[in-house]
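The values are calculated or read from the model by the stated rules, or taken from the named source; none is laboratory data. Just so you know, these numbers come straight off a predicted model, no measurement behind them. Quick reminder, even Gly has a Cβ in these numbers, built from the backbone with ideal geometry, and neighbours come from all protein chains shown. Protein only, heavy atoms only, side chains kept; ligands, DNA and RNA dropped before computing areas. Shrake-Rupley method; radii C 1.70, N 1.55, O 1.52, S 1.80 Å.
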Amino acid sequence: MSVETSKPVPRAGILDIAAYVPGKEHAPGVARVYKLSSNETPLGASPKAIAAYRAAADNLERYPDGQAVELREAIASVHGLNPANILCGNGSDELLGLLCHVYLAPGDEAIITEHGFLVYKIQIMGAGATVVTVKEKEATVDVDAIIAAVTEKTKMVFIANPGNPTGTYVPVSEIRRLHAALPKNVVLVLDAAYAEYVRRNDYESGIEIVSSNPNVVMTRTFSKVYGLAALRVGWMYAPADIVDALNRVRGPFNMNMAAISAGAAAIRDQSFMQEAVAFNQMWIDKLTGAFEAIGLKVTPSVTNFVLIHFPDVDGKRADEADEFLTSRGYILRAVKGYGFKNSLRMSVGPEEANRGVIEALGEFMTRQNPGQNK
Ligand SMILES: Cc1ncc(COP(=O)(O)O)c(C=O)c1O
């Protein structure tokens, strides 16, 4: 019999969770603000996706298709997959949560990496399981550290590949080596939210490894290159047994109608996606070069953001740069919560914002009187 309490009490561990803090949006008192803190695309969504979204407004009284068939078929056709192995979610965040809900219980361990995406930790703790955090090497996932942390209690391993907020990636050979070393009952989650941006021959998002193994899943999102963050569209490619298990507990209509039809239209418009990738690559190269030229260190990025490291010198630290940039309307992401105490993450923005940050950081690095920001 449970003890009666004076008010409802959450399950053990829930109140130990630090809620996710999204990227800042506002710069008080600044007229023109550029939000470069959430890795959103500066190019918006495909006009075809926007038209599909508008058309959805004509049928708002109807429940959406609980199987999201149109979207799953569109994804399957673009990526050459079987739609039966695809499950869509209200953002990939929902899928990460469902995976933890289904495969973790109190007493189980799940491995994440030092700079891994914060949602993993939240969802593992939410399932009552134990988070095991391993070190990365030079802001890159260290496969050997993960293998060394596996115990008989390990049930899941989460890797963002590429990583956020690092922007680095793990080559496919390393992912295969990790998978080979994991017990067969461990679910390896490859979170490939930024896969579309990667232009490296030794990278693979996870499709091949999922196709040939019963214990690997890949999650993807429409929030980044497809520009549908507001609609919350994510998907998972997984073995049939895993899809079946998650289907049993998800909300019956977890994908809304606008998300299904706009998502399908967005992924069919591959030329829009390719243009976004080309724009991004140009700016990743330019931003990296420009920041290095003014004496800042930048972790090499294969994504749509860069991690900028500041000198440990009064007046030149990340906190001060953040304040300086915010006062000029450029909102970057502080990444202390991800283990980077003196760094900022900047998403590639529209051209005028990218140029503006380059200019502002140039001024910041050369200014003589750090007491005066404005
Ligand atoms: C590594 C990583 N995974 C997952 C997500 C969540 O994506 P979604 O918007 O689909 O929930 C993000 C978003 O920032 C991310 O950076």
Of all residues being in contact with a Ser or Thr (Cβ under 9 Å, 6 or more places away or on another chain) and away from the ligand (no atom under 12 Å from the Cβ) in segment 192-206, which is most open to solvent (accessible area, probe 1.4 Å)? Just the residue, please. ASP202
Given (1) part of a helix (DSSP H, G or I); (2) farther than 20 Å from MET257 by Cα, where does GLU94 come up short, assuming only one miss? (2)
Please specify each residue of segment 251-262 satisfying the condition of being outside any helix (DSSP H, G or I) and either open to solvent by less than 50 Å² (accessible area, probe 1.4 Å) or of a type in the set (Gly, Ala, Ser) (or both). GLY251, ASN254, MET255
Of all residues in segment 131-153, count the ones that are of a type outside the set (Gly, Ala, Ser) and assigned to a loop (DSSP other than H, G, I, E, B). 7
List the pairs whose first member sits in segment 1-23 and is assigned by TED's automatic domain parsing to the domain that holds SER38, whose second member is among the hydroxyl-bearing types (Ser, Thr, Tyr), and whose Cβ atoms are under 6 Å apart, counting only residues at least 6 apart or on separate chains? GLY23/SER37; GLY23/SER38
Among the candidates ILE209, ILE260, ILE242, ILE147, single out the residue that is more than 13 Å from the chain's Cα centre (by Cα) and within 16 Å of the ligand (Cβ to nearest atom). ILE260
State whether the residues of segment 276-284 include one that is touching a Leu at 6+ places or on another chain (Cβ under 8 Å), of a type in the set (A, V, I, L, M, F, W, C), modelled with pLDDT of 95 or more and surrounded by 15 or more Cβ atoms within 10 Å (Cβ to Cβ). yes
Out of (1) within 14 Å of the ligand (Cβ to nearest atom); (2) crowded, with 24+ Cβ neighbours inside 10 Å; (3) not basic (Lys, Arg), the odd one out for MET156 is which? (1)
Return the total of residues in segment 17-39 being within 16 Å of the ligand (Cβ to nearest atom), open to solvent by less than 70 Å² (accessible area, probe 1.4 Å) and in a loop (DSSP other than H, G, I, E, B). 5
Give me a count of the residues in segment 54-69 that are closer than 29 Å to ASP244 by Cα and open to solvent by 80 Å² or more (accessible area, probe 1.4 Å). 5
Name the single residue that is least open to solvent (accessible area, probe 1.4 Å) among those in segment 40-53 being of a type in the set (Gly, Ala, Ser) and part of a loop (DSSP other than H, G, I, E, B). SER46
Scan (1) in a helix (DSSP H, G or I); (2) over 17 Å from PRO42 (Cβ atoms) for the single condition ASP285 breaks and write down its number. (2)
Residues in segment 214-229: is at least one in a loop (DSSP other than H, G, I, E, B), touching a Lys or Arg at 6+ places or on another chain (Cβ under 9 Å) and within 15 Å of the ligand (Cβ to nearest atom)? yes
Criterion: within 16 Å of the ligand (Cβ to nearest atom), open to solvent by less than 50 Å² (accessible area, probe 1.4 Å) and in the same structural domain as LEU246 (by TED's automatic domain parsing) - qualifying residue of VAL170, VAL134: VAL170
Note down all Cβ pairs under 6 Å where the first residue falls in segment 79-100 and is in the same structural domain as PRO214 (by TED's automatic domain parsing), the second is basic (Lys, Arg), and they're at least six residues apart or on different chains. PRO83/ARG72; ILE86/ARG72; ASN90/ARG232; GLY91/ARG232; LEU98/ARG250
What's the number of the condition VAL298 fails, among (1) outside any helix (DSSP H, G or I); (2) touching a residue at least 24 places away in the same chain (Cβ under 8 Å)? (2)
Being polar (S, T, N, Q) and either crowded, with 22+ Cβ neighbours inside 10 Å or outside any loop (DSSP other than H, G, I, E, B) (or both), is that true of even one residue in segment 177-191? no
Would you mind telling me which numbered condition in (1) over 19 Å from the mean Cα position of the chain (by Cα); (2) open to solvent by 50 Å² or more (accessible area, probe 1.4 Å); (3) at pLDDT 95 or above ALA265 fails? (2)
Only one of ILE308, ILE331 is β-branched (Val, Ile, Thr), over 26 Å from ALA45 (Cα atoms) and open to solvent by less than 10 Å² (accessible area, probe 1.4 Å). Can you tell me which? ILE308
